[in-house]
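Only one structure is covered here, and it is reproduced in the block below.
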Amino acid sequence: MTDTHCHIHFRAYRDDMEEVIKRNQEKSVRMITIGTQAQTSKEAVETAERFGLWCTVGLHPGHTHEQTLHEDPDENVPMEVETFDKEFYRALVRSSKRVVAVGEVGLDYYRLPSDESSRASVIDTQTRALEAALELADEENLPVVLHVRDAHEAMQNILIGFIEQKKLARRGVVHCFTGTIEEALGYHALGFFTSLTGIITFPDRKDPEKVTPIQRVVASLPLEWIMLETDAPYLSPHPFRGKRNEPYCVELVAQKIAELKQMNVREIERITDENAVKLFALS
């Protein structure tokens, strides 16, 4: 199995990272650990080199402006505000063959300021950082790992602009996809994969037997455009929701997809693994 998006080098694992990595490797889980700003990107490369993992480097949109998010499951921390330093990230890309993509980068309109001026400023800042990251991915011939929340139309318009210029040949993946089937197919038409997390296992809060909107989407998604991820330490699948996640829990994501599509889980794992190998050129 391949967990295409985890943060195994984050502080949630500061006391037992080596043990966690070895436990997951013993379960034959291939891991891509994801950078979210300068320091965590640097640490992603170091961790990948040390333990034989894969990694990405990039600037999460939440780090482009002031806000407080859950960087650690147990604490609120202020996000460090940075600009996308293309040459810094280029140096990280070139420092290791373990770097398989630029990301995570993207647009997050979920926590935008309420006043129009500040809102426009944040959108502009996120967009400029994203476009710089996409330029880097194109120049270094790497795919991109995209974070998109409440911003699918804006993201697709930006991607179309790059593709029309014959850029982003390696395309990429929209991580933690929770949008509509129309939005998913829009990405697929552009050559981008959609990646699914433990969110698809969460039961409806009022009626646990009810199929949720994202589960209906998953049932219709073409398998050739799906990848699996945990986003560990976050988004632990049901019934472990709220606990620290680990890459091996990607198996529960695969099981839910198999249930929704009425397929064999091993077939789900095989196809999604092939997709990950194809996009990230994993060996």
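Only the coordinates and a few stated rules stand behind these numbers; no lab work does. Here the structure is a predicted model, which is why all the values come from computation and not from measurement. Here the Cβ positions follow ideal geometry from the backbone for every residue, glycine too, while neighbour counts run over all protein chains shown.
A few remarks follow.
- Gained length - Ser220 relative to Arg94, 0.36 nm times residue gap less alpha-carbon distance: 41.5 nm
- Residues Glu43 and Asp207, FRET efficiency given R0 of 35 Å [Cβ-Cβ distance, rounded to 0.05]: 0.25
- Mean residue ellipticity at 222 nm, helices only, the chain: -13000 deg cm²/dmol; runs of at least 4 DSSP H residues each add -39,500 (n - 2.57), and the sum is divided by the number of residues.
- Computed log₁₀ I(q)/I(0) - Debye formula, equal Cα scatterers, no solvent, the chain, q 0.16 Å⁻¹: -1.34
- Beta-bridge orientation, the chain: approximately 10 percent antiparallel, per DSSP, counting only bridges with both partners inside.
- Average Cα contact separation per residue, segment 2-280, under 8 Å, 6 or more apart, as relative contact order %: 18
- For segment 206-220, backbone phi angles converted through the Karplus equation (6.51, -1.76, 1.60; θ = phi - 60°) give residue-by-residue couplings of 8, 9, x, 7, 7, 6, 7, x, 5, 5, 5, 5, 4, 4, 9 Hz, Gly and Pro being listed as x.
- A simple rule links phi to the HN-Hα coupling: the Karplus curve 6.51 cos²θ - 1.76 cosθ + 1.60 with θ = phi - 60°, which for segment 49-56 gives 5, 5, 10, x, 9, 10, 8, 10 Hz, with x for Gly and Pro.
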